[in-house]
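I have placed the structure first, in the form of structure tokens, so that the comments after it can refer back to it.
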Amino acid sequence: MSMIEQLAAIGDDAESRAAEVATLAELDSLGSELLGKRSRLGELKKGLRDLDEDERRAAGRALNDANARVQAALDARRADLEAQERRRRLDDERLDLTETIATRALGHLHLVTQTHDRLEDVFVGMGFTVAEG
């Protein structure tokens with residue numbers, strides 16, 4: 001398998017693997033695996049020095065194309081995942097403005113009024129009637 005065929009296979013593999021990624025953390029890990037120094041692209045880049053000048057030129061172009069293809073696949077998937085995360089976060093934070101919420105009463109009755117009401121309840125319980133006026 002020639003270097004150019006290997007680079008095409010790497011590009012195809014990267015596009016399919018990027019489409020399968022479900023989280024941004026997995027995508028970052030995949031990016032370092034595909035584009036890092038110890039990746040297959042990195043090994044092929046080191047192998048360029050063993051080729052003669054004409055083959056090196058063609059392989060270098062193919063290597064740059066494969067590198068750009070891998071980066072484009074990762075960037076496209078990153079945009080999709082970030083959009084999904086943003087939609088999920090917006091759905092979670094959505095407020096229902098039609099929802100009625102019971103409001104708490106502010107403050108309390110004066111202590112003398114509270115005591116008066118309690119004493120009134122006690123005397124009514126004992127059979128007395130309340131006369132106002």
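Of the listed requirements (1) without any contact (Cβ under 8 Å) to a residue 40 or more places away in the chain; (2) of a type in the set (A, V, I, L, M, F, W, C); (3) part of a helix (DSSP H, G or I); (4) surrounded by 10 or more Cβ atoms within 10 Å (Cβ to Cβ), residue 112 misses just one: (4). Within the option set 5, 15, being part of a helix (DSSP H, G or I) and in contact (Cβ under 8 Å) with a residue 12 or more places away in the chain holds for one residue only, 15. Annotation for segment 36-45: at least one member residue is in contact with a Gly (Cβ under 7 Å, 6 or more places away or on another chain), without any contact (Cβ under 8 Å) to a residue 40 or more places away in the chain, of a type in the set (Gly, Ala, Ser) and assigned to a helix (DSSP H, G or I). Note on segment 72-109: residues that are outside any loop (DSSP other than H, G, I, E, B) and of a type in the set (Gly, Ala, Ser) amount to 5. Considering only residues that are out of contact with any Leu (no Cβ under 6 Å at 6 or more places or on another chain) and surrounded by 12 or more Cβ atoms within 10 Å (Cβ to Cβ), which ones fall in segment 21-31? Correct list: 26, 27, 28, 29, 30.
A single entry from 56, 69 fulfils the requirement of being surrounded by 10 or more Cβ atoms within 10 Å (Cβ to Cβ), more than 32 Å from the chain's Cα centre (by Cα) and either in a helix (DSSP H, G or I) or without any contact (Cβ under 8 Å) to a residue 12 or more places away in the chain (or both): 56. The conditions of being loosely packed, with under 13 Cβ neighbours inside 10 Å, in contact (Cβ under 8 Å) with a residue 60 or more places away in the chain and over 20 Å from residue 12 (Cα atoms) are not met by residue 132.
All of the numbers you see were taken from the coordinates with simple rules; none came from a lab. Because the structure is a prediction, the values reported are computed rather than measured. Glycine also receives a Cβ, built like all others from the backbone with ideal geometry; neighbour counts cover every protein chain displayed.
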